[in-house]
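K.L.:
Submitted below is the structure of interest, expressed as structure tokens.
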Amino acid sequence: MTKENTRKFKKKWIIIPIVIFAVVAIGCALTQNLGNKGPTGYPVTAGKAENMTLQEVVSIKGNIEGSEKAEIQSTQTAEVKSIYVEEGDKVKKGQLLAVLDSGDLNEQYAKAKITAAESKRKYEDAKLLYEQGALPQNDYLEAKAAYESDVLSLGTYDFEKINIKSPISGTVTRVNVTVGSNANDTSDNKSMFVIEDLQNLQLKVKVSEYDISKIKEGQKVTITSEVLGEETASGTVSKIAPSGENKDGSSEMVIPVEINIDNASGKLIAGVSAKAEILIQKKENALSVPVDAVFEDVNEGVNYVFVIKNNKLKKVKVDTGIEGDFNIEVISDKIKTGDQVVLSPTYDLTDGMEVIVSDPDAI
């Protein structure tokens, strides 16, 4: 064996033990890691089944108004001569609010009287001539029709229209005219006067077509508003409109609903916004789970909850009841208070699957 062959032979025997050692080391490491394996399973987050009081409410915002409201306008092109009320004044039905200048009306009426008198004279002359056979029947009938028309026109002059009166009892909440202005030329084309019954307030809201089936007359309402601070007022659904209307900027329909308010504190006032929480139903001691624990299987058309028992899933069919803001009632004798349930389940989960509960805060 040459010296060169001897060196190659020695190198082979040096490399072989190194490779064997490396393989043994890796094998030991893998064996150690396998021996220290932690819990395995499909990662899920979990909540708990609890007994609690659940209540379903429909929340909607609206404006406080008087239970009765009158917006008073005039068709007269007459100047406002006198105003007898101010904002905040209480008035009775029929009370005088303002008087318009009757000058133009008097002039128009005087002209109409002259016209009617002239047509009467012509009619009487035509009648006499017709009875004497000196006037054709058509001419007589034309004179008669003209006279009758002028008399009717004269009767349309209603001087009571210059007296602007309140059609309801209430409080004057807006005065949009001033002395000297024109009765039908108010600022921003608003009504001359607005009268509201502030003794009996209402909250007027518009309920979505998706919630209106839950609303019934007589349901109790809790009312909150900035003017109430931490306090609340109570109310009752008093009227539901028989038809809907389009929501602004949307194809969704909304239905006007009126709520009578018990304003015992006197803090609520007309014109402010408020929020109504209409109580649909309430249940004490209801077995419930978080809303997102209920899995709706659209293929089967049923609801399931995945209960975690010894790190394995149990797929439980449930019926649902009252739904609150965060929890929903589940009806099943296979779910008990304190059971862990999977949150946000998916079609990947199956009955008997091994899972590991993750810390949701760590995700």
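K.L.:
What is the residue count in region 110-145 for residues that are more than 30 Å from residue 74 (Cα to Cα) and in a helix (DSSP H, G or I)?
P.N.:
First, the residues of region 110-145 that are more than 30 Å from residue 74 (Cα to Cα): 118-145.
Next, from what is left, pick out any that are in a helix (DSSP H, G or I): 118-131, 137-145.
Count: 23.
K.L.:
Filter region 56-68 down to residues that are at pLDDT 90 or above and surrounded by 14 or more Cβ atoms within 10 Å (Cβ to Cβ) and give me whichever is farthest from residue 286 (Cα to Cα). Lay out the reasoning, then the answer.
P.N.:
Let us first name the residues in region 56-68 that are at pLDDT 90 or above, namely 58-64.
From what's left, surrounded by 14 or more Cβ atoms within 10 Å (Cβ to Cβ): 58, 60, 62, 64.
Working: 58: 20, 60: 26, 62: 32, 64: 35 Å.
Result: 64.
K.L.:
Write out, first by first residue and then by second, each pair whose Cβ atoms fall under 7 Å of each other, whose residues are 6+ apart or on separate chains, and whose first residue, in region 261-280, is modelled with pLDDT under 90 while the second is open to solvent by less than 30 Å² (accessible area, probe 1.4 Å) and among the β-branched types (Val, Ile, Thr).
P.N.:
Correct list of pairs: 268/64; 268/261; 269/64; 270/64; 270/173; 271/64; 280/58.
K.L.:
Determine the pairs where a residue that is over 15 Å from residue 252 (Cα atoms) and assigned to a loop (DSSP other than H, G, I, E, B), located within region 199-215, has a partner that is open to solvent by less than 70 Å² (accessible area, probe 1.4 Å) and of a type outside the set (Asp, Glu) with Cβ atoms under 6 Å apart, the partner being 6 or more residues away or on another chain.
P.N.:
200/67; 215/207
K.L.:
To continue, here is another question. Residue 93: within 23 Å of residue 189 (Cα to Cα) and among the basic types (Lys, Arg), yes or no?
P.N.:
On the way: within 23 Å of residue 189 (Cα to Cα): no; among the basic types (Lys, Arg): yes.
It is false that residue 93 is within 23 Å of residue 189 (Cα to Cα) and among the basic types (Lys, Arg).
K.L.:
Which one of 11, 37 is open to solvent by 40 Å² or more (accessible area, probe 1.4 Å), outside any strand (DSSP E or B), among the basic types (Lys, Arg) and modelled with pLDDT of 50 or more?
P.N.:
Matching residue, one of 11, 37: 37.
K.L.:
Kindly provide the set of residues from region 80-96 that are within 15 Å of residue 170 (Cα to Cα), open to solvent by 40 Å² or more (accessible area, probe 1.4 Å) and assigned to a strand (DSSP E or B), ordered by number.
P.N.:
Of everything in region 80-96, those that are within 15 Å of residue 170 (Cα to Cα), open to solvent by 40 Å² or more (accessible area, probe 1.4 Å) and assigned to a strand (DSSP E or B) turn out to be 90, 96.
K.L.:
Where residues in region 127-153 are of a type in the set (Asp, Glu) and closer than 28 Å to residue 111 by Cβ, which of them is surrounded by the fewest Cβ atoms within 10 Å (Cβ to Cβ)? First the steps, then the outcome.
P.N.:
Kept after step one, since they are of a type in the set (Asp, Glu), are these residues of region 127-153: 131, 139, 142, 148, 150.
Keeping just the survivors that are closer than 28 Å to residue 111 by Cβ gives 139, 142, 148, 150.
On the way: 139: 12, 142: 14, 148: 14, 150: 20.
So the residue we want is 139.
K.L.:
Taking region 286-339, which residues are open to solvent by less than 40 Å² (accessible area, probe 1.4 Å) and polar (S, T, N, Q)?
P.N.:
Selection gives 288, 303, 327, 332.
K.L.:
Can you pull out the residues in region 168-198 that are among the small types (Gly, Ala, Ser) and touching a residue at least 24 places away in the same chain (Cβ under 8 Å)?
P.N.:
Step one: list which residues in region 168-198 are among the small types (Gly, Ala, Ser), which gives 169-170, 180-181, 183, 187, 191.
Result: 169, 170, 180, 181, 183, 191.
K.L.:
Just one of 156, 186, 173, 178 is open to solvent by 80 Å² or more (accessible area, probe 1.4 Å), within 19 Å of residue 83 (Cα to Cα) and either under 58 Å from the mean Cα position of the chain (by Cα) or modelled with pLDDT of 90 or more (or both); which is it?
P.N.:
Values: 156 fails: within 19 Å of residue 83 (Cα to Cα); 186 fails: open to solvent by 80 Å² or more (accessible area, probe 1.4 Å); 173 fails: open to solvent by 80 Å² or more (accessible area, probe 1.4 Å).
Selected residue: 178, the only one of 156, 186, 173, 178 that is open to solvent by 80 Å² or more (accessible area, probe 1.4 Å), within 19 Å of residue 83 (Cα to Cα) and either under 58 Å from the mean Cα position of the chain (by Cα) or modelled with pLDDT of 90 or more (or both).
K.L.:
Are any residues in region 197-237 surrounded by fewer than 17 Cβ atoms within 10 Å (Cβ to Cβ), of a type outside the set (D, E, K, R) and touching a Gly at 6+ places or on another chain (Cβ under 9 Å), and if so, which ones?
P.N.:
Of everything in region 197-237, those that are surrounded by fewer than 17 Cβ atoms within 10 Å (Cβ to Cβ), of a type outside the set (D, E, K, R) and touching a Gly at 6+ places or on another chain (Cβ under 9 Å) turn out to be 199, 200, 222, 236.
Residue-by-condition table, conditions (1) of a type outside the set (Gly, Ala, Ser); (2) within 30 Å of residue 334 (Cα to Cα); (3) in a loop (DSSP other than H, G, I, E, B):
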site: 231; (1), (2), (3): yes, no, yes
site: 264; (1), (2), (3): no, no, yes
site: 274; (1), (2), (3): no, no, no
site: 285; (1), (2), (3): yes, yes, no
site: 306; (1), (2), (3): yes, yes, no
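K.L.:
Taking residue 61 as the residue in question, decide whether it is touching a Lys or Arg at 6+ places or on another chain (Cβ under 9 Å), within 30 Å of residue 271 (Cβ to Cβ), of a type in the set (D, E, K, R) and not in a loop (DSSP other than H, G, I, E, B).
P.N.:
Details: touching a Lys or Arg at 6+ places or on another chain (Cβ under 9 Å): yes; within 30 Å of residue 271 (Cβ to Cβ): yes; of a type in the set (D, E, K, R): yes; not in a loop (DSSP other than H, G, I, E, B): yes.
It is true that residue 61 is touching a Lys or Arg at 6+ places or on another chain (Cβ under 9 Å), within 30 Å of residue 271 (Cβ to Cβ), of a type in the set (D, E, K, R) and not in a loop (DSSP other than H, G, I, E, B).
K.L.:
Is it the case, given these coordinates, that residue 254 is touching a residue at least 12 places away in the same chain (Cβ under 8 Å), open to solvent by less than 40 Å² (accessible area, probe 1.4 Å) and under 30 Å from residue 356 (Cα atoms)? Let's see the steps before the verdict.
P.N.:
Numbers: touching a residue at least 12 places away in the same chain (Cβ under 8 Å): yes; open to solvent by less than 40 Å² (accessible area, probe 1.4 Å): yes; under 30 Å from residue 356 (Cα atoms): no.
Against the criterion (touching a residue at least 12 places away in the same chain (Cβ under 8 Å), open to solvent by less than 40 Å² (accessible area, probe 1.4 Å) and under 30 Å from residue 356 (Cα atoms)), residue 254 does not qualify.
K.L.:
Right, something else. Among the candidates 324, 301, which residue alone is within 30 Å of residue 58 (Cβ to Cβ) and in contact (Cβ under 8 Å) with a residue 12 or more places away in the chain? Before you say what the answer is, go through the steps one by one.
P.N.:
On the way: 301 fails: in contact (Cβ under 8 Å) with a residue 12 or more places away in the chain.
After ruling out the rest, the residue left standing is 324.
The values are calculated or read from the model by the stated rules, or taken from the named source; none is laboratory data. Owing to the predicted nature of the structure, the values given are computational and were not obtained by experimental measurement. Methodologically, a virtual Cβ is constructed for each residue, glycine included, from the backbone with ideal geometry; neighbour enumeration extends over all protein chains shown. These accessible areas exclude ligands, DNA and RNA; they are computed on the full protein's heavy atoms, side chains included. Shrake-Rupley method; radii C 1.70, N 1.55, O 1.52, S 1.80 Å.
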